[in-house]
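The values are calculated or read from the model by the stated rules, or taken from the named source; none is laboratory data. The structure presented is a predicted model; accordingly, all values stated were derived computationally and were not measured. Glycine also receives a Cβ, built like all others from the backbone with ideal geometry; neighbour counts cover every protein chain displayed. Note: areas computed on protein heavy atoms with side chains; ligands, DNA, RNA excluded. Shrake-Rupley method; radii C 1.70, N 1.55, O 1.52, S 1.80 Å.
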Amino acid sequence: MRVTINLDLPPAERWLFYKSDPAFAEFKTDAIYYLGKFVPKVLLPLLTKLVSTLHSTFYPDYAEEMVGIAKGLDMNLGEVVLINLIYQLEGIANGCELKNTTGLCPPKNGPSLCSGFVANGQGSDDLVWQGRNLDWNLDARLLKYVLQVEYQKNNATLFTGLQIAGMVGTLHGVKKGAFSVQVNARDDGGNVLVNLFEQILVGGKEPTHHMRKALEEATDFKSGEAMLSVGHLANQAYFIMAGANHGEGAVLTRGRTNLIDAWHLYETPAKDTKGINKQPDWFRLQTNYDHWTPAPSYDDRRTPGVTHGSQFCKSGVDMDCVLKVMTTWPTKNFHTDITSVMCPKTGYISTTVWSPSLSSSVAGTIVV
């Protein structure tokens, strides 16, 4: 579903269109069903405190946007805050009762899935492309509210972001002539309670909010990388980036308070001194594990993904080869909800939502 957000409006007014758009008439019912199913009651006192400190916990303009979203969707502010913490809550919906990608996962480890692929052709004029899979097991009731949002200023598109209705942060996005970026969970996204306390007590920012802020304010790949390399996050995360110019691409490994590693295209990895994760210098494939450590046997999407990248894109990097990498098993797997392909040079983005039917296990596709 495509929507446009006018950043020239006051933040509290930007999302009020929800109220009159029939496409969102059932959103409140569907979202409350999802939250009621997956959010533990023990989190509710913390949520109350988060709402009371909304403007200091979140970026102030995004806090105001959440106030407007609550009005537009006829929801209370606490429910909207929970939707904006969905990244923190992702582990709640995943568990080992679900099939994993390459083997059975240990009892204490559920799937922690997302894949990113950044590739640059060998020629100096070749474009940099980015493929992104969001593997989330998101309930079909929410998948129908996946939004491709054109954020505009002065009647021109500033950047395009992909998110779920009710969110103000972006799960991935592209800024024409500058960069594209996605966020992947690191360390299973962290412990839910620790993340929320971090958010409340010491001002850690929600990673999708931090990423949107970079898309809004950074003007090129280097400034985007600089913004995403700093700042206090509520979650450990990977930011995977592609740039508009030849050779611009990187995997940023973030702790909550610091940059742990930056792994660029055409760069020898500083941390992988044992050659654990050998990849051609013209692409970077990143899942949910530090690139200098072995991927676990129960979720090794890395090894076949690197093989597929080398095989499918060896004759040239373009939209088709990147899409083929992203839609080949196990990069695309039981948990894949969304696949996007982006090109920052042109601002191109194409998104497919792999939407299971509410009444059957047969998957359908929705092209955004």
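Rounded to the nearest 20, the Cβ-based charge dipole of the chain about its Cα centre (Lys and Arg +1, Asp and Glu -1) stands at 380 debye.
Of the cross-linked pairs LYS153/LYS222; LYS176/LYS278; LYS175/LYS278; LYS49/LYS222, which ones have a Cα-Cα span greater than 28 Å in the structure shown? Beyond 28 Å between Cα atoms: LYS176/LYS278; LYS175/LYS278; LYS49/LYS222.
If exposed means no more than 14 neighbouring beta carbons inside 10 Å and the site is in a DSSP loop, what's the longest run of the chain without any exposed trypsin sites (Lys or Arg not before Pro)? Walk me through the numbers before you get to the answer.
Working: sites that count: LYS99, LYS108, LYS274, LYS278, LYS314.
So the longest stretch without any such site is 109-273.
Averaged over its residues, the chain has an accessible area of 39 Å² per residue, based on protein heavy atoms and a 1.4 Å probe. When restricted to Cα atoms, segment 158-300 yields an Rg and a Dmax of 15.1, 44 Å, respectively. Against the chain, whose longest principal axis is taken from its Cα atoms, helix 60-73 shows a tilt of about 60°.
Its alpha carbons give segment 175-254 an Rg and a Dmax of 13.0, 42 Å. What the phi angles of segment 4-12 give under the Karplus curve with 6.51, -1.76 and 1.60, with θ = phi - 60°, is a coupling list of 10, 10, 8, 6, 7, 6, x, x, 5 Hz, glycine and proline written as x. Of the residues ALA218, ALA140, ASN155, the one whose Cα sits farthest towards the positive end of the charge dipole of segment 124-234 is ASN155 (charges of +1 on Lys and Arg Cβ, -1 on Asp and Glu Cβ, taken about the Cα centre). Of the residues SER350, TYR289, GLN130, the one whose Cα sits farthest towards the positive end of the charge dipole of the chain is TYR289 (charges of +1 on Lys and Arg Cβ, -1 on Asp and Glu Cβ, taken about the Cα centre). Helical content alone sets the calculated 222 nm signal of the chain at -8000 deg cm²/dmol, taking -39,500 (n - 2.57) per DSSP H segment of four or more residues and averaging over every residue. Within the chain, the proportion of Cα pairs with more than 29 Å between them is 36 percent. Size descriptors for segment 1-76: radius of gyration and Dmax over Cα atoms are 13.8, 39 Å.
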